[in-house]
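The values are calculated or read from the model by the stated rules, or taken from the named source; none is laboratory data. Remember, predicted model here, so these are calculated numbers, not experimental data. Virtual Cβ from ideal backbone geometry, glycine too; neighbours counted across all protein chains shown. Surface accessibility is based on the protein's heavy atoms, side chains included, excluding ligands, DNA and RNA. Shrake-Rupley method; radii C 1.70, N 1.55, O 1.52, S 1.80 Å.
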Amino acid sequence: MGTVKTAPAANSSGRVAVALHSCWLLTICLCLAVPAHAQSNVNNELLPETGVSELREFSSLQLRSRYYALLNQLRCPKCQNQNLADSDAPIAADLRNELYSLLEEGYSDTEIREFMTARYGTFVLYQPPLTQYTLALWLLPPVLLAIAAGLVWRASAASRAAGNAGTSKPGDSSEQ
Amino acid sequence: AFTLPQLANADASVSNSDLLGAPALLNVWATWCIACRAEHAYLNQLADSGITIYGLNYKDERDAATQWLARLGNPYRLNIFDHQGRLGLDLGVYGAPETYVLDTEGIIRYRHVGVMNEQVWRDKIVVLGIDWGQQAVGAM
């Protein structure tokens, strides 16, 4: 992808090209890192082999898939950054049992979250609710991304301007 | 609301209404908890000075707990035997030791995670301004 810079890239347009590629790399890394940090993957049913597993029998497949989804959305209260699926802590085991019971008793996902937060606070939710206090938490990643994109755009504009103003090198196709 | 057996007597039960009427501490402890042993002397001291302390024996074994108290002293007016940790789960307990401060109506005013000692008492609990009735822990 992009331009293969001619070697040796000792001139300014070569250095700008390197900087431009670094910006793209950083932006892509931000794109990948931000969603993973802010939320867990809730779409896919996890394989039972993921993390700690106890043998459980569910009365329906739907309960089973909700169980594994919720295991990833709930944080172990004692741990800094492990969800119920991954944590060995005794309280995590207790909460997994509780989750299983609540599901079998017919609690909805919302009711289960309320149950957990009533006892352990919103800390146990990997997706904190959107309130005035968590506004910064939710808005910051997209804002940072927009800033990064803006910087990349400006660097790209500068490189195009530099490329047009200086001598064009054969094989350097960025300004064509 | 809960009803659970007492530690001392399996046939006697204790429920939340037993904890009402006066400010008190609810101390979550267990024999498997090393830090609980460290704070125990201070709990004895608090109890001696007139502070009411209830115990929540959390996910422990009755015999071991009883022997532990016989050996180290018993500051608890009542001890709740929460073998499964159900009451703990409803309170938001995730380990031991933890200490809850209850007011006269049984409302939790503060939750302290970790060892209870003089510094915590002074900095976190005295400042709540609760009237402990009898003489609070003396000149500290």
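Whenever a residue of region A:112-137 is open to solvent by less than 50 Å² (accessible area, probe 1.4 Å), its partners that are among the aromatic types (Phe, Trp, Tyr), lying with C-beta atoms within less than 9 angstrom and at least six residues away or across chains, give the pairs A:115/A:107; A:117/A:123; A:120/B:94; A:128/A:138. Checking each residue in region A:138-164 for being exposed (fewer than 14 other Cβ atoms within 10 Å of the Cβ), under 17 Å from the mean Cα position of the chain (by Cα) and either at positive phi or not hydrophobic (A, V, I, L, M, F, W, C) (or both) picks out only A:142.
Taking region A:116-142 as the range and being in a loop (DSSP other than H, G, I, E, B) and more than 14 Å from every other protein chain (Cβ to nearest Cβ) as the test, the residues that pass are A:126, A:127, A:128, A:129, A:130, A:131, A:132, A:133, A:134. Residues in region A:78-90 that are open to solvent by 10 Å² or more (accessible area, probe 1.4 Å) and either modelled with pLDDT of 95 or more or in contact with a helix residue (DSSP H, G or I) (Cβ under 6 Å, 6 or more places away or on another chain) (or both) were compared, and the one that is farthest from residue A:108 (Cα to Cα) is A:78.
Selection of region A:59-77 for residues being open to solvent by less than 20 Å² (accessible area, probe 1.4 Å) and within 14 Å of chain B (Cβ to nearest Cβ) yields A:74, A:76, A:77.
When each of B:57, B:44 is tested for being part of a strand (DSSP E or B) and polar (S, T, N, Q), the lone residue that passes is B:57. So, in region B:112-135, exactly how many residues are in a strand (DSSP E or B) and either in contact with a helix residue (DSSP H, G or I) (Cβ under 8 Å, 6 or more places away or on another chain) or exposed (fewer than 13 other Cβ atoms within 10 Å of the Cβ) (or both)? Residues meeting the conditions: 1.
Select from region A:78-90 the residues that are within 21 Å of the chain's Cα centre (by Cα) and within 13 Å of chain B (Cβ to nearest Cβ) and list them in ascending order. The answer is A:79, A:80, A:82, A:84, A:87.
Output the residues belonging to region A:91-115 that are within 11 Å of chain B (Cβ to nearest Cβ) and of a type in the set (A, V, I, L, M). A:91, A:92, A:93, A:95 - these are the residues of region A:91-115 that are within 11 Å of chain B (Cβ to nearest Cβ) and of a type in the set (A, V, I, L, M). On the stretch given as region B:91-110, residues that are of a type outside the set (A, V, I, L, M, F, W, C), farther than 20 Å from residue B:30 by Cβ and part of a loop (DSSP other than H, G, I, E, B) total 4. For region B:70-91, taking the residues that are more than 15 Å from the chain's Cα centre (by Cα) and within 14 Å of chain A (Cβ to nearest Cβ), the one that is most open to solvent (accessible area, probe 1.4 Å) is identified as B:84.
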